[in-house]
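Input: a single structure, listed below in structure tokens.
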């Protein structure tokens with residue numbers, strides 16, 4: 001873990017569920033939902049490359065795998081707008 005990291009656990013990405021099974025599910029989701037939903041709300045068409053958990057799963061594997069809790073985002077929206085929502089406690 002990097003100094004000052006927001007992540008306080010010491011689990012690897014694979015230990016947190018981001019393994020081969022996740023990568024395949026992510027690929028399917030992005031194939032079915034290829035556009036960033038935040039950009040679409042602004043009238044923009046942007047390819048998504050991130051599958052985001054709408055409600056942060058925080059280790060709850062049933063929430064992690066709940067596809068109704070997934071949304072497609074582009075990298076910039078995931079790194080800015082979504083993070084601001086989480087930090088403000090909106091999700």
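Bear in mind these aren't lab numbers, they're just calculated from the coordinates by the rules spelled out. What you are looking at is a predicted structure, and each value in this text was computed from that prediction instead of being measured. Here Cβ is always computed from backbone atoms with ideal geometry, including for glycine, and neighbour counts include all displayed protein chains.
If the segment from residue 88 to residue 24 were pulled out straight at 0.36 nm per residue, it would be longer than the present Cα-Cα gap by 19.9 nm.
Modelled this way, with points 7 Å down the Cα-to-C-beta line, the labels at residue 58 and residue 81 are 2.5 nm from one another. Take the Kirkwood radius over Cα pairs of the chain, plug it into Stokes-Einstein at 25 °C and 0.890 mPa s, and you get 174 µm²/s for translational diffusion. Nearest 10 degrees is fine. How inclined is helix 20-32 to the longest principal axis of the chain, computing both from alpha carbons? The two axes meet at around 10 degrees.
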